[in-house]
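The values are calculated or read from the model by the stated rules, or taken from the named source; none is laboratory data. This structure is a prediction, so every number in the text was calculated from the model and none was measured. Reconstructed Cβ throughout: ideal geometry from the backbone, glycine too, with neighbour counts over all protein chains shown.
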Amino acid sequence: MVQTTRWYDWLPVTDNTHQSAPVARIPAPRALAPAAPPPLWNRDFRLFFVARAAAVLGEGTVPVAFAAGLLGAGRPASSVGYALGLWTAAFAAFVLFGGVLADRFTARRMMILADLLRLPGALLLAVAFAAGSPPLWAVYALSAVAGVGAALFQPGVASTIPRIAPDVQRANAVLRVAEALMTMAGPALAGLLVAAWNAGAAFAANAATFVVSAACFLLMRLPPAPAEGRRRGSLGAELVLGWREFRSRSWLWGVISIWTVYGLTVAGPMVPLTASLVTGGHGSAAYGVLMAVNGAGSALGGLLALRIRPRRPLASGAVALLGLPVNLALLGLGAPVAALAAGQFVAGTAFAYWLVMWSTAVQTHVPQEALNRMHAYDVAGSLLMMGVGRALSGPVAGAVGTEAVLLAGAGIAVLVVAALLAVRPIRELPRAT
């Protein structure tokens, strides 16, 4: 340890008893103050924050742009579903490879590549819809390419946060608040652009967000990851290695296994059934208001995660998830709009808080060299089951009734919380120090 001295520690002092020659004062050992942790809002985190906010804002414009552009051109309503469905299918098909490639070539490079891959497609859609009615095959193809780009981008988000943020939970909470606000702002921006110009303007705004995101990642100066430069096997071998890492953590595969059931039976059906029930009973304006209230609740959930530091993050997040069945029960019981708004607010708060706790647990307990693949397995499993749940929600609701499906979902959501708390590795996973 290096000792520090002050300039006056070596000044001569006088012995008052014998009036002897000056004697050098020997400085007493002093404990060095612990170094303060680096601030959250360092240069790299600021750039990452802007990139994520821009990306989520751009994603929010896409559904509105597709709906306005295709329906305005006289295309059937099913064409909007096909365009968005192809995006989701391409994302689910390639996200595992995105995780492997991010571990192999670094997440930053893959995220820049993903932004540059999606930029030409968004520009083509902007020009095509501004000029008139593009052929459906071109719209579908470009939507699929955008899904592939998102699959290459998404896994790197998880591994980048621990490398730029000294406090991972706080970083996730701040990002969650920003994402909630941008989720609300994206559709509103698209609506304004469509009303003022056309659907092409909304796609142009989406393209601009890719430019902003790529520029931010280019300006970042990340330290080398622990595994950078090591020799790697084939893509197949890396996928197998990632699967072994995944299976070796019972808390990780336990949560994802339980969550696949939730996605199939609750999260998947909830979105289309809520839209149909609220729009049919109270109008599309009421549905838009409820989604905005849900976004406000998500922002509050992120703010709560900024302040609450539980010793058992997954257990704390699981308890918070009890807010979700409240919302489903209100929908199933046909509550008035004011009560439905309260339910949406509680659900948004609960789910955002859980997401911060889950993301923080994964990012702090999984080794950096495997984090991209772990995140990819998580996203792929959740997205696949949610897609199946959405596809089955219509036929099941037609057979037993929308309200019955939502009430059953409320009961299953309670059982999901009970299952998360019943599994000891999940319940007792400690906060990483």
Discussion item. Against the definition (modelled with pLDDT of 95 or more and within 22 Å of G411 (Cβ to Cβ)), how does A335 come out, yes or no?
Written reply: no
Discussion item. Looking at A122, A150, A141, can you tell me which residue is within 18 Å of the chain's Cα centre (by Cα), small (G, A, S) and at pLDDT 90 or above?
Written reply: A150
Worksheet item: Which residues, taken from region 232-252, are surrounded by fewer than 21 Cβ atoms within 10 Å (Cβ to Cβ) and either under 30 Å from V326 (Cα atoms) or modelled with pLDDT of 80 or more (or both)?
Response: R249, S250, W251
Fill in: Qualifying residue in region 253-276 (condition: in contact with a Lys or Arg (Cβ under 8 Å, 6 or more places away or on another chain), surrounded by fewer than 19 Cβ atoms within 10 Å (Cβ to Cβ), part of a helix (DSSP H, G or I) and free of Cβ contacts under 8 Å to residues at least 12 places away in the same chain)
yes
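Take V139 and decide whether it is in a helix (DSSP H, G or I), surrounded by fewer than 20 Cβ atoms within 10 Å (Cβ to Cβ) and either touching a Phe, Trp or Tyr at 6+ places or on another chain (Cβ under 6 Å) or β-branched (V, I, T) (or both).
Considered against the rule, which asks whether it is in a helix (DSSP H, G or I), surrounded by fewer than 20 Cβ atoms within 10 Å (Cβ to Cβ) and either touching a Phe, Trp or Tyr at 6+ places or on another chain (Cβ under 6 Å) or β-branched (V, I, T) (or both), V139 comes out as no.
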